[in-house]
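Note sheet for the following structure.
No value in this document is a laboratory result; all are computed from the given coordinates. Remember, it's a predicted structure, so these values are computed and weren't measured experimentally. Cβ coordinates were reconstructed from backbone atoms using ideal geometry, including for glycine residues, and neighbour counts include every protein chain displayed.
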Amino acid sequence: MSKPKVGFYWCASCGGCEEAVVDLAEDVLKVVEAVDIAFWPVALDFKRADVAAMADGEMAVCFVNGAVRTSEQEEMARLMRLKSQLIIAFGSCSHMGGIPGLANMTDCETLLRRVYQEVPSVANPDCILPQERCEVPQGSLTLPALHDTVSSLDQMIPVDYYLPGCPPPVKLIKDAVSAILQGAMPPKGSVLAPDVAMCTGCPRKDSKPEKLLVSAFKRPHEIQIDPAKCLLEQGLLCMGPVTRSGCDAACVEGNMPCTGCLGPTGRVRDFGAKALSAVASIADATEESKIAGVLDKIVDPVGTFYRYSLPTSILHKRNRHEGNGAH
Amino acid sequence: MPDQFEPKIVAFFCNWCTYLAADLAGTSRLKYAPNIRVVRLMCSGRVDPQFVLDAFAKGADGVLIGGCHPGDCHYQEGNYKALRRAHLLRTVLREMGIEDDRFRLEWISASEGDKVRTVVNDMVAKVRALGPLHLAAKPTPQVVAAHAHSITAAAVVGGA
């Protein structure tokens with residue numbers, strides 16, 4: 001019997017998810033033994049035409065990382081969906097939109113102007129912006145179109161499973177691969193990680209007081225972080241209470257607060273809303289002016305609470321329509 | 001004015017104070033703008049910020065939360081939690097391009113039927129002045145099969 005074919009693809013991502021595959025170390029050999037890698041642009045020399053030539057559903061599973069930002073990424077996502085029986089959204093960007101998804105706070109025009117004209121390190125006196133088509137003596141050059149909105153993978157194509165994390169923890173990848181090989185997969189649509197909050201398995205759990213109250217929120221560089229005490233109690237914005245576990249509290253082990261890359265637990269629809277709710281609840285103030293004093297110290301609330309999940313949040317992007325009283 | 005914009009406002013009222021105040025306004029035959037849709041919850045502290053976002057995403061032009069005055073919460077401190085959450089949520093809504101006047105938290109006790117009237121009328125007037133909230137629709141996956149043929153063909157023609 002021939003080995004099942006597997007594909008990897010990256011969309012709007014940093015490459016960290018590909019690193020996570022390499023982080024399997026020697027175990028990657030077991031994977032290679034069990035499957036036939038049919039497409040992996042970052043590592044192997046297969047082209048789009050090779051995938052296009054496959055029969056529909058010829059690949060058993062395809063891992064797609066990165067958010068969807070361009071017409072090329074959308075097209076490739078659709079192609080992978082067509083050629084693969086299972087699609088697994090791999091990593092935060094693919095799962096929830098991720099860091100690239102924060103671009104939904106602005107629009108394409110503002111973004112391009114900022115990057116190609118206003119940034120202090122850029123010299124572009126002719127204000128040249130990237131064009132989808134450009135004529136040069138050798139012929140015409142094309143670039144994929146930039147979408148105005150960044151999307152998670154499941155906003156473009158139906159997704160079967162999600163491997164969360166930025167990047168997904170090695171243990172979760174191994175568990176997912178062995179579950180696929182054994183055909184022991186949970187119901188479609190599942191996130192392949194435990195459905196409990198990070199705090200449940202946090203090594204500092206016992207130091208979390210019964211009633212947690214914070215009178216001043218701080219950023220990691222502002223204090224000497226006590227390596228044994230609950231980070232929230234120290235005033236750091238740890239997303240542990242609202243984040244799904246599965247990473248063995250890697251950041252907390254590294255003495256840094258959880259930023260929420262594994263996304264919410266199963267019953268939460270909007271990670272940021274839950275995170276802000278949890279954080280506001282523990283602010284030690286009851287009067288309006290004092291509440292403002294505590295909560296206004298939080299720098300960039302959207303970037304903090306929706307760091308990995310803006311495109312899949314309920315509002316999903318900044319509203320750019322001005323209300324119109326004359327309607 | 002036949003084509004005046006009529007805002008839709010979702011109001012989350014607590015069972016012990018504001019909902020009773022709205023009831024009192026009714027039995028006292030006080031007239032106020034008919035633009036609010038009241039949802040009764042046990043406590044203003046039960047208003048999950050997700051509810052507010054969902055109301056906006058599903059077409060509300062404004063969201064009003066009504067709870068007991070500070071110190072009067074049936075559950076001791078639910079309204080303080082509501083107050084803190086509302087403060088942070090307002091900051092986030094502002095960043096997300098939703099104006100401050102579209103989201104309001106008010107303490108209205110069971111005896112303040114008249115305050116229901118003034119708050120609702122005032123909010124409706126302010127939201128009416130802002131106009132409708134046009135939120136962009138969220139992208140949803142399209143059926144792949146419909147595109148299947150063109151993709152395969154395009155990909156082959158496109159080569160590498």
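Among the candidates B:Ala82, B:Ala33, B:Ala21, single out the residue that is of a type in the set (A, V, I, L, M) and surrounded by fewer than 23 Cβ atoms within 10 Å (Cβ to Cβ).
Numbers: B:Ala82 fails: surrounded by fewer than 23 Cβ atoms within 10 Å (Cβ to Cβ); B:Ala21 fails: surrounded by fewer than 23 Cβ atoms within 10 Å (Cβ to Cβ).
Of B:Ala82, B:Ala33, B:Ala21, the one residue that is of a type in the set (A, V, I, L, M) and surrounded by fewer than 23 Cβ atoms within 10 Å (Cβ to Cβ) is B:Ala33.
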Failed item, numbered, when B:Arg94 is tested on (1) without any contact (Cβ under 8 Å) to a residue 12 or more places away in the chain; (2) assigned to a helix (DSSP H, G or I); (3) within 9 Å of chain A (Cβ to nearest Cβ): (3)
Quick one: what pairs do we get from the range A:102-118, first residue closer than 20 Å to A:Val302 by Cβ, second among the acidic types (Asp, Glu) and surrounded by 14 or more Cβ atoms within 10 Å (Cβ to Cβ), C-beta under 7 Å, 6+ apart or different chains? A:Asp107/A:Asp148; A:Cys108/A:Asp148
In the set A:Asp226, A:Asp206, A:Asp195, the lone residue that is touching a Gly at 6+ places or on another chain (Cβ under 6 Å) and loosely packed, with under 15 Cβ neighbours inside 10 Å is A:Asp195
Note on the range A:25-34: residues touching a residue at least 60 places away in the same chain (Cβ under 8 Å) and more than 26 Å from the chain's Cα centre (by Cα) are A:Ala34
Among the listed residues A:Ala89, A:Ala67, A:Ala60, A:Ala77, which satisfies the condition of being under 21 Å from B:Lys138 (Cα atoms), touching a residue at least 60 places away in the same chain (Cβ under 8 Å) and over 14 Å from the mean Cα position of the chain (by Cα)? A:Ala77
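Being in a loop (DSSP other than H, G, I, E, B) and within 11 Å of chain B (Cβ to nearest Cβ), is that true of even one residue in the range A:237-253?
The initial filter retains those residues of the range A:237-253 that are in a loop (DSSP other than H, G, I, E, B), namely A:237-239, A:243, A:245-249.
In the following step, the residues that additionally are within 11 Å of chain B (Cβ to nearest Cβ) were identified as none.
For the range A:237-253, residues in a loop (DSSP other than H, G, I, E, B) and within 11 Å of chain B (Cβ to nearest Cβ): absent.
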Residues that are within 13 Å of B:Leu105 (Cα to Cα), aliphatic (A, V, I, L, M) and in a strand (DSSP E or B), drawn from the range B:36-68: B:Val63, B:Leu64, B:Ile65
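Criterion first (surrounded by fewer than 18 Cβ atoms within 10 Å (Cβ to Cβ), under 25 Å from A:Leu213 (Cα atoms) and small (Gly, Ala, Ser)) does B:Gly97 satisfy it? Give the derivation first.
Working: surrounded by fewer than 18 Cβ atoms within 10 Å (Cβ to Cβ): yes; under 25 Å from A:Leu213 (Cα atoms): no; small (Gly, Ala, Ser): yes.
Spelling it out, it is not the case that B:Gly97 is surrounded by fewer than 18 Cβ atoms within 10 Å (Cβ to Cβ), under 25 Å from A:Leu213 (Cα atoms) and small (Gly, Ala, Ser).
Which count do you get for residues in the range B:120-139 that are charged (D, E, K, R) and either over 29 Å from B:Gly26 (Cβ atoms) or in contact with a Pro (Cβ under 7 Å, 6 or more places away or on another chain) (or both)? Spell out how you get there, then give the answer.
From the range B:120-139, those charged (D, E, K, R) are B:122, B:126, B:128, B:138; that's our starting set.
From what is left, the residues that are either over 29 Å from B:Gly26 (Cβ atoms) or in contact with a Pro (Cβ under 7 Å, 6 or more places away or on another chain) (or both) are B:128, B:138.
Qualifying residue count for the region: 2.
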So, of the residues in the range A:260-301 that are in contact with a helix residue (DSSP H, G or I) (Cβ under 9 Å, 6 or more places away or on another chain), in contact (Cβ under 8 Å) with a residue 60 or more places away in the chain and of a type outside the set (A, V, I, L, M), which turns out to be farthest from the other protein chains (Cβ to nearest Cβ)? A:Cys261
